[in-house]
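Trainee: There's a structure below that I have some questions on.
Read-outs: derived from the displayed coordinates by stated rules, not from any lab. The structure displayed is predicted, hence computed values, not measured ones. As a convention, Cβ positions derive from the backbone with ideal geometry for all residues, glycine included, and neighbour counts pool all protein chains shown.
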Amino acid sequence: MRNVDDIEDRRLSGKMESRSTAPSTTGLPDRTSTATLTRRSLLAGGVAAGIVSALPGGAAGPARAAGRRVPFGAAIQSELMNGGPAYRQLFVEHCDLVMPMNALKFNLMRPTRDIWDFEPADKVVDFALSNGKTSRGTCHVWWGATPGWVEAIESPSEAERVLVEHIERVGDRYKGKLLGWDVVNEVVANDPIYENRSLRDTYWLRTLGPRHIPIAFKAAANADPTAELALNEYDLEYKGPHYDERRTIVLSIVRQLQDANVKIDAVGMQGHLYADKVIDVDAIDRFHRDLDALGVKLLVTELDVIDWKSAPDPQAQDKTAAALVTRFLDALFAHKPPELVIAWGLTDRYSWINDVMPRPDGAESRPLPFDRDLRPKPWLDVIRKRLAVA
Ligand code: XIL
């Protein structure tokens, strides 16, 4: 396997080279200096390293009373906050943390440059805090949530100004209310080997280059110095060179940020578990140890099960889901407990998988710990038992 430095230099600086025609206002090096880029120069100008902020151990969900356990949380679509009380009650009863699934995303919060729509996110965050839960934010930078008005900005300096202003204002508004933020989400190339690139081709990469990553982390740290700042990523869970490469690139980004004294506290593994892929227990364990050695925490941020290729048999699907969640959590716990485990919803009735990866046979997907009628499924038991650490 290639070593990390090699990948950084070849891939990240390669990307910088491809940006070398950008106007000098980008602050990017020109072609001559690109050739001698080092990690430090890539990310130069970082803020002082932040003290790694601890997650309050005090997520005071009822389930914590019995002993120490890893806090369990779930994301909720703010439009469902007005739904039935039984649905909201699930979050009250089973979660230590409740977070907005979409309402803090850039395009929803800023549909136009002048509209800052905080209300949907406030609704969820207030619900969480008033019920004694914690909350967290996702996400400042995501290719899937860049508004059209931003993508129309061609000037790199203007794009940087908009990005920093957005992160600072939103970060400041929720200061003290959120444990932390996914500062950048899904910045690694989907298939780095096949695409021969380390970072995903996004508006932010095209306009600002790789430095949009430290820019975002610095702005988030400025806005809320005690928030736990995370890089969030998918497909870090499986076996194979494609996934090894994705894990390697994540570690490389973390090291580059640290080398430039840019505060990064955590890596979020989304944990969208495909029933048809093999979870790589050893690789996850190594990844966890590598992050730990760097002083960076590991979170599970979007846990659910994608069973679109499994036989359409609810009992078998639920058994598979419980086995997958068990295998994944066992891999994470092998080194030490993760900081937090967050499910991407609670009931099969409301899951993004129904929209984005519906089963071709029309049968029900069963991604979450409660079924469509809010009845608990076996993977809830796995969570209950596996998150207890003492
Ligand atoms: C999804 C939400 O679940 C949907 O409701 C929304 O329409 C689109 O985004 N990876 C991520 C999440 O990082 O933000 C995505 O959430 C799911 C995939």
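Trainee: Would you please state the base-10 log of I(q)/I(0) at q = 0.11, 0.12 1/Å for the stretch 97-239, with intensities from the Debye formula using one equal scatterer on every alpha carbon?
Mentor: Scattering profile of the stretch 97-239, log10 relative to I(0): -0.41, -0.48.
Trainee: Amide H to amide H under 5 Å from Lys297: which residues, 5+ apart in sequence or cross-chain, H placed 1.01 Å off N in plane?
Mentor: Residues meeting the criterion, in which the H sits 1.01 Å from N, are Ala266, Val267.
Trainee: How would Met109, Met81 line up from fewest to most surrounding beta-carbon atoms within 10 angstrom?
Mentor: Ascending Cβ contact count within 10 Å gives the list Met81, Met109.
Trainee: I would also like to ask the following. Exposure proxy check: Thr226, Thr207, Thr112, Thr326 ranked by fewest other beta carbons within 10 Å? Could the numbers behind the result be given before it?
Mentor: On the way: Thr226 14, Thr207 22, Thr112 10, Thr326 18.
Listing Thr226, Thr207, Thr112, Thr326 from fewest to most nearby Cβ atoms yields Thr112, Thr226, Thr326, Thr207.
Trainee: Further question: Beyond 18 Å between alpha-carbons counts as too far, so tell me which of Lys133/Lys385; Lys336/Lys377; Lys105/Lys175; Lys133/Lys177 fall in that bin.
Mentor: On the way: Lys133/Lys385 20 Å; Lys336/Lys377 26 Å; Lys105/Lys175 16 Å; Lys133/Lys177 10 Å.
Exceeds cut-off: Lys133/Lys385; Lys336/Lys377.
Trainee: Taking neighbour counts of Cβ atoms within 10 Å as a proxy for exposure, in what order, fewest first, do Asp259, Asp96, Asp280 appear? Could you put the intermediate results ahead of the total?
Mentor: Values: Asp259 16, Asp96 27, Asp280 20.
By the 10 Å Cβ count, ascending: Asp259, Asp280, Asp96.
Trainee: Continuing with the same structure: Go ahead and collect, in residue order, the members of the stretch 315-352 whose backbone nitrogen is under 18 Å from a label point 7 Å along the Cα-Cβ direction of Asp282.
Mentor: 327-328, 330-335
Trainee: Find how much the distance from Ala152 to Glu93 grows on full extension, using 0.36 nm per residue of separation minus their present alpha carbon separation; answer in nm with one decimal. Mind dumping the intermediate values first?
Mentor: Details: separation 59, 0.36 × 59 = 21.24 nm, distance 4.42 nm.
In short, 16.8 nm is gained.
Trainee: Okay, moving on. Over the Cα atoms, compute the radius of gyration (one decimal) and Dmax (the largest Cα-Cα distance, rounded to a whole number) for the stretch 282-390, in Å.
Mentor: Looking at the stretch 282-390, its Cα Rg and Dmax stand at 14.9, 45 Å.
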